[in-house]
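Reading through the structure tokens given below for one structure.
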Amino acid sequence: MPVRQDFAGTAPPIARSPRPQPRGREPRTLVIVPAFNEAESLTRVLLELAACVPDATVLVVDDGSTDGTADVARAAGAIVAQLPFNLGVGGALRTGFRYAIRHGYERAVQLDGDGQHDPAEIAPLLAGLDQGADMVIGSRFAEAVTKYDVGRLRGHAMRILRLSVRLLSGHRFSDTSSGFRAFSGPLLEFFARNYPVEYLGDTAEALLLACYGGFQVVEVPVRMRVRSGGVPSNRNLKLAYHYLRVLVSMFSRAPAPLRRRELRRVASGRT
Amino acid sequence: MSTRGHILVMLVTLSSVFFMLRLVRRNQMRAKYSLLWLSAGSVLVLLAASPRLLDRVSVWLGITYGPATFFMGATTVLFLVAIHFSWELSRLEERTRVLAEELAVYRAEADDAAGNAPATGAGDARS
């Protein structure tokens, strides 16, 4: 795979538990819910999940919460992986991927614990996987499903990120920072070892890594709700810093020939 | 530099070398770092012991002002050491992260084995 391995490659390979896979049924699905202080909204999310995807197992990754998120999740019947301290969404997700691989799940869905992702929209994501995609992104902007207002500054930042992803991957994605996604088995295995753990890297950079790795990434339009609990995890200056960092990281990790080609294309004005 | 100055530099250097050795003996510093600082220390001792050495090296390098040679060398070494530490820190952070993630997975499995986590649908991981 033409993906350069840096520190992200230091994780040891994961031992799969030998489990015979019965044929002719739905693939085993794990719903990964990264949650950081989401005790308020989590119960409702988990109830909706149980109603919408009764066949899936739900794993809540408690990312060092201090408000009893793990207890709420256990009470609601989810399996809980409790991190000893806060790692950020990327780290929480990689935990979920490692769990999925160890327990032989064939696909996974990422859904935020704050209630902004509607569990009813999981079905179209999984349908995307069934059609052969490796990563299906639920996009707020793919079609005008509903107006989703992100604020002006954040809107600009997202536009820059979107353009960068388009330059580096050669594909057009409408929502590069969506955290509502589904992953195929092969991609799970890949991501369990290399997943961008830094803030924002968990979405845009992961998207690029999947593209570089030759995985098929598609978007489907979804409705998103205004988050029902918790606080948005950033302030303007911090946001700017994180965007800058992820841009540096994305451009410096691009495979060299690609980078040259794209730079030439930009230079000749055909962006 | 005066003789007194050289003696001062030598004393400071020797005491820091001694301090370094003590840290290593107490297992408070890895040998690879002590080696780094010990070699830096010995260069300092050497320079303090023979005042002519710095001037001769400067002439050989074509630098007219002796102390400039020293500062250039010191800056370069410290710069490289700082970069190395950033690299080392990043590596350590990544390892800590992997450990935390593995721990969380094992916690979930332990819960599961103890029967604390109720079944969630047909696709449950337990066997």
Any idea what the relative contact order of chain B is, in percent, if you count C-alpha pairs under 8 Å spaced at least 6 apart? 17 percent
Mind listing P(r) for chain B? All alpha-carbon pairs, 5 Å bins, whole percents. 2, 8, 11, 12, 12, 9, 8, 6, 5, 5, 5, 4, 4, 3, 3, 2, 0
Provide the gained length on full extension for the span residue A:244 to residue A:120, in nm with one decimal, where the gain is 0.36 nm per separating residue minus the Cα-Cα distance. 41.2 nm
For residue B:31 paired with residue B:50, estimate the spin-label separation in nm (one decimal), with each label point 7 Å from Cα along the Cα-to-Cβ line. 2.9 nm
If B:10, A:250, A:158 are placed from fewest to most neighbouring beta carbons inside 10 Å, the sequence is B:10, A:158, A:250
Here FRET efficiency (C-beta to C-beta, residue B:78 to residue B:11, R₀ 25 Å, nearest 0.05) is 0.70
Would you mind checking which residues have amide H under 5 Å from residue A:220's amide H? H placed 1.01 Å from N; only 5 or more apart, or other chain. A:137, A:138, A:139
Could you let me know the centre-to-centre spacing of region B:1-72 and region A:82-140, using Cα atoms, in angstrom? 56 Å
Please average, across the residues of A:87-97, the number of beta carbons from any other chain that are within 10 Å of each residue's own beta carbon, and give a whole number. 3
When chain B is treated as a Gaussian network with springs between alpha carbons less than 10 Å apart, the largest mean-square fluctuation among B:103, B:35, B:46 is found at B:103
Taking a ≥ b ≥ c as the square roots of the Cα gyration tensor eigenvalues, with a/c under 1.5 meaning rounded and otherwise prolate when a/b beats b/c or oblate if not, region A:34-130 comes out oblate
Computed FRET value (nearest 0.05) for residue B:4 with residue B:102, which takes r as the C-beta separation and R₀ as 56 Å: 0.45
With a point put 7 Å past each Cα toward its Cβ, work out how far residue B:93 is from residue A:174 in nm, to one decimal. 3.5 nm
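Every number in this text was worked out from the coordinates using simple rules, so none of it is lab data. Small disclaimer: the values here were computed from a predicted structure and weren't measured. Glycine gets a Cβ as well: all are built from the backbone with ideal geometry, and neighbour counts include every protein chain shown.
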